[in-house]
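*Asks:* One structure, pasted below without further comment.
Coordinate-derived values only; no laboratory data. Given the structure is predicted, the values throughout are model-derived calculations rather than measurements. Positions of Cβ are generated from backbone atoms using ideal geometry, with glycine treated the same way; all protein chains shown enter the neighbour counts.
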């Protein structure tokens, strides 16, 4: 991946969202409230399929070209008018090194549930502070032809009018452009199997249910529990026909799938009676170890456990669990590994927190003790300032930097896979 030959300039937006570069300041990066001048190695060209967001109520911060000092821009240097900070929301398989650098004004609205990566302008293109964390192309925008998606989705919806799950996935595909749903209708890679309209956590950053009214969920949650038959009608043909086939319970459009463990167990048994091909995966908060054991016995191949932190107090403050604890999460990993099955951590990345020394030490302890097979690096989709308030982190952290964190994890745990997606288990 190429890097710029010079330092990218700060970009900002006017109140209409028009983005301008300001060559007198360099792009700054934010790392849990600390402002830093990124190195050239921290930048990559803005990946295809990424989006640029303006950040209302937030003033941009750049770095002095002479000293590297962080400097606040309070208005448009060309017109004197009001301005907003700008951030990149990266396409899948990329991991953020710095958040966009800004200072919130009084009464700034809470940012919606996306990730906000630093972005700048150099040599007639946008650059963002990130690295590619998975070579898998399954969700690259170049892989999707909308006409083909529309045609194949329409046909499958017509052919399966009585299958509520397929109809639900049609909405995910055509309304929300869910990459997993799109790949299902295209008959390839990983297909989603949402099952649960309810949850046993109240995650601060839940993307399918927000009750505060201050931040909208990014998609509608499924409103029914599909039958084992409906699930099987999605899963069996996909596993039989797709290349590197995976079907995954536990999606962004649902609550916690373990609350439907009986239904999922019946579905897995039916699936495996019809095909031994492909990978059956469960994305979960891992709250119910006994249910994990039942599903592993039924034929579940892999488990993806979502955590925001390897430190119990920060996990608890984010997930706000109901009737489970962090020890249950760890026990679920142990149970699945004890069954000889594959375990991934779906690890939420926030620069300045993830790469802090205390979080790194806690993660290393978890990795040494429970030996998961893979870490999936997922950028935290949440207002970074509100996240820190929510987990009650109110002190500065010593950090190693995200690139150094990645390098150190790889060297310390040489057999650990690092990526972004659920892998096909062969």
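*Asks:* Roughly what angle does helix 289-298 make with the longest principal axis of the chain, taking Cα atoms, 0 to 90 degrees, to the nearest 10?
*Replies:* 50 degrees
*Asks:* Could you work out the per residue convex hull volume over the alpha carbons of segment 254-302, in cubic angstrom? All intermediate terms of the calculation are to be shown ahead of the outcome.
*Replies:* Details: hull volume 3.5 nm³, N = 49.
Spelled out: Cα convex hull of segment 254-302, divided by residues, is 72 Å³.
*Asks:* Any idea how far apart residue 425 and residue 125 come out in nm if each label point goes 7 Å out from Cα toward Cβ?
*Replies:* Simple spin-label model gives 3.9 nm for this pair.
*Asks:* Now for a different question. Principal axis extents for segment 321-398, Cα atoms only, whole Å, descending order, please.
*Replies:* Here the Cα extents, ordered largest to smallest, are 40, 28, 20 Å.
*Asks:* With a 10 Å Cβ neighbour count serving as the proxy for reagent exposure, in which order, fewest first, do 270, 15, 95, 275 appear? Working shown, then result.
*Replies:* Details: 270 18, 15 12, 95 25, 275 15.
Ranked by crowding around the Cβ, least crowded first: 15, 275, 270, 95.
*Asks:* Sticking with this structure for a sec: Using per-residue counts of other Cβ atoms within 10 Å, averaged over each peptide, order 51-60, 138-147 from highest down.
*Replies:* On the way: 51-60: 18.9, 138-147: 13.7.
Answer by packing, highest mean first, reads 51-60, 138-147.
*Asks:* Additional query: For segment 80-121, state the average projected area of the convex hull of the C-alpha atoms over all orientations, rounded to one decimal in nm². All intermediate terms of the calculation are to be shown ahead of the outcome.
*Replies:* Numbers: hull surface 17.0 nm².
Mean projected area for segment 80-121: 4.3 nm², to one decimal.
*Asks:* Further question: List 388, 282 from most exposed to least, where exposure is judged by having the fewest other Cβ atoms within 10 Å.
*Replies:* Numbers: 388 18, 282 28.
If I rank by nearby Cβ atoms, fewest first, I get 388, 282.
*Asks:* Taking only the alpha-carbon atoms of segment 83-153, what semi-axes of the equivalent ellipsoid follow from 5 times the gyration tensor eigenvalues under a square root, in whole Å, largest first? Each step should come with its number before you reach the end.
*Replies:* Details: eigenvalues 165, 59, 31 Å².
Each semi-axis is √(5λ); the values are 29, 17, 12 Å.
*Asks:* Provide Rg over Rh for segment 9-132; use the alpha carbon set for both Rg and the Kirkwood Rh (inverse mean inverse pair distance). Provide the component values of the computation, followed by the final result.
*Replies:* Working: Rg = 13.1 Å, Rh = 14.1 Å.
Checking Rg against Rh, the ratio lands at 0.93.
*Asks:* If you don't mind, another one. For 40, 71, what's the fewest-to-most ordering of other Cβ within 10 Å of each Cβ? Each step should come with its number before you reach the end.
*Replies:* Values: 40 13, 71 18.
Ascending number of Cβ neighbours within 10 Å: 40, 71.
*Asks:* Would you mind checking the radius of gyration and Dmax of segment 188-322 based on alpha-carbon positions, in Å?
*Replies:* Every Cα atom of segment 188-322 included, Rg and Dmax give 15.2, 47 Å.
*Asks:* Regarding segment 68-187, what is the average projected area of its C-alpha convex hull, in nm²?
*Replies:* 11.7 nm²
*Asks:* Give the Rg (one decimal place) followed by the Dmax (whole number) of segment 273-416, computed from C-alpha coordinates and expressed in Å.
*Replies:* 15.8, 55
*Asks:* Follow-up question, since we're still on this one. Pairs of alpha-carbon atoms within less than 8 angstrom and 6+ residues apart define the contacts here; what relative contact order does the chain have, in percent?
*Replies:* Details: 940 pairs, mean separation 60.5, N = 426.
Computed value for the chain: 14 percent relative contact order.
*Asks:* Is the shape of segment 302-361 best called rounded, prolate or oblate, per the rule: a/c under 1.5 gives rounded, else a/b larger than b/c gives prolate, else oblate, with a ≥ b ≥ c the square roots of the Cα gyration tensor eigenvalues?
*Replies:* Working: a/c = 2.23, a/b = 1.42, b/c = 1.57.
Judged from the Cα gyration tensor, segment 302-361 comes out oblate (a/c at least 1.5, b/c at or above a/b).
*Asks:* State the three equivalent ellipsoid semi-axes of segment 8-64, derived from the C-alpha gyration tensor as the square roots of 5 times its eigenvalues, in descending order and whole Å.
*Replies:* Values: eigenvalues 65, 47, 30 Å².
Square roots of five times the eigenvalues give 18, 15, 12 Å.
*Asks:* Return one number: the angle in degrees, 0 to 90 and rounded to the nearest 10, between the long axis of the Cα atoms of helix 146-159 and the longest principal axis of the Cα atoms of the chain.
*Replies:* 30 degrees
*Asks:* In Å and on Cα atoms, what radius of gyration and Dmax does the chain show?
*Replies:* 21.8, 69
*Asks:* Between residue 297 and residue 143, what FRET efficiency follows from the Cβ-Cβ distance if R0 is 30 Å, with the result rounded to 0.05? Write down the numbers at each step before the final one.
*Replies:* On the way: r = 35 Å, r/R0 = 1.18.
The calculated FRET efficiency here is 0.25.
*Asks:* When only Cα pairs under 8 Å and 6 or more residues apart are kept, what is the percent relative contact order across segment 9-132?
*Replies:* Values: 305 pairs, mean separation 40.1, N = 124.
Dividing the mean separation by the residue count of segment 9-132 yields 32 percent.
*Asks:* With n ≥ 4 as the cut-off for DSSP H runs, can you work out [θ] at 222 nm for the chain, using -39500 (n - 2.57) per run divided by the number of residues, rounded to the nearest 500?
*Replies:* On the way: 11 runs with 123 residues, N = 426.
Counting only the DSSP helices, I get -9000 deg cm²/dmol.
*Asks:* Output the 0 to 90 degree angle, nearest 10, between the alpha-carbon long axis of helix 261-274 and the longest principal axis computed from the alpha carbons of the chain.
*Replies:* Approximately 70 degrees, to the nearest ten.
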